[in-house]
1. What number of residues within the range 113-143 are assigned to a strand (DSSP E or B) and within 15 Å of ligand 1 (Cβ to nearest atom)?
2. What's the number of the condition Asp62 fails, among (1) within 20 Å of Val145 (Cβ to Cβ); (2) within 15 Å of ligand 2 (Cβ to nearest atom); (3) surrounded by 14 or more Cβ atoms within 10 Å (Cβ to Cβ)?
3. Being within 15 Å of ligand 2 (Cβ to nearest atom) and of a type in the set (Ser, Thr, Tyr), is that true of even one residue in the range 123-134?
4. If Asp148 passes every condition in (1) within 16 Å of ligand 2 (Cβ to nearest atom); (2) under 20 Å from Ile73 (Cα atoms); (3) free of Cβ contacts under 8 Å to residues at least 12 places away in the same chain but one, which one does it miss?
5. Which ones in the range 99-115 are of a type outside the set (Gly, Ala, Ser), buried (at least 16 other Cβ atoms within 10 Å of the Cβ) and within 16 Å of ligand 2 (Cβ to nearest atom)?
6. Name the residue that is nearest to Leu47 (Cα to Cα), counting only residues in the range 72-98 that are within 15 Å of ligand 2 (Cβ to nearest atom) and of a type in the set (D, E, K, R).
7. Tell me, which strands (runs of 3 or more DSSP E) wholly within the range 1-99 include 3 or more residues that are within 23 Å of Gln121 (Cβ to Cβ), of a type outside the set (Lys, Arg) and modelled with pLDDT of 95 or more?
8. Checking Thr89 against (1) surrounded by 15 or more Cβ atoms within 10 Å (Cβ to Cβ); (2) in contact with a strand residue (DSSP E or B) (Cβ under 6 Å, 6 or more places away or on another chain), which test does it fail?
Amino acid sequence: MAVLPILVAPHPVLKEKCAPVDAVTPELAQLMDDMLETMYDAPGIGLAAPQVGVSKQILVVDVARADEEPRPIKMANPEITWESEELGTYEEGCLSFPEQYADVQRPARVTVRYLDENNEQQEIEADGLLATCVQHEMDHLEGIVFVDHLSTLKRNMILRKLKKLQKLSKQKKKAA
Ligand code: GNR
Ligand code: NI
């Protein structure tokens, strides 16, 4: 198991469309476990492979609260097979956009078909935070990030704040 470095925007890999996997091999199952460890360490409720520099259709999520048993879900080649007309709004954040948050509207419920860590096909129905999180992670696999759902004005505000933060942290590093 390993905690992997998380890429921060702007980064070209975060803009790429990820390739589907031929099969979930033991090596890719290991990557899924490393991604989960990285996500719990961050901490976050989801992580997509491009966020750790791997341009493959792999993601992990766990929306269990701290006082609940963990409920890790590992997916390869996820596809939305049904989505509700009803939309839901959540304030989203992203580990690749540290300290930035904004409301995003998405289908409130989705059905997702995917390959699990044993290369077996699964289908789950998701609602609430899980539905939002899976859609946020699936966006990453298409090179889409949450700020792409915002108005140009809001997106630019976040990108500017992020740049400022990065400049500050670089200055701190230099001074240390
Ligand atoms: O940790 C995360 N929290 C979150 C909150 C609301 C909607 C989506 C997310 S996903 C995010 C982790 C992340 O960046 N995944 O790609
Ligand atoms: Ni994200």
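1. 2
2. (1)
3. Within the range 123-134, one or more residues are within 15 Å of ligand 2 (Cβ to nearest atom) and of a type in the set (Ser, Thr, Tyr).
4. (2)
5. Within the range 99-115, Gln100, Val104, Arg106 meet the criteria.
6. To start, the set of residues in the range 72-98 that are within 15 Å of ligand 2 (Cβ to nearest atom) comprises 75, 78, 90-98.
Those still in the list that are of a type in the set (D, E, K, R) too: 91-92.
Working: Glu91: 17, Glu92: 13 Å.
Filtering the range 72-98 for residues that are within 15 Å of ligand 2 (Cβ to nearest atom) and of a type in the set (D, E, K, R), the one nearest to Leu47 (Cα to Cα) comes out as Glu92.
7. Qualifying strands (runs of 3 or more DSSP E): 46-48, 58-61, 73-83.
8. Failed condition: (1).
The values are calculated or read from the model by the stated rules, or taken from the named source; none is laboratory data. All values derive from a computational prediction rather than experimental measurement. When we count neighbours, we look across all protein chains shown, and the Cβ atoms used for this are built from the backbone with ideal geometry, even at glycine.
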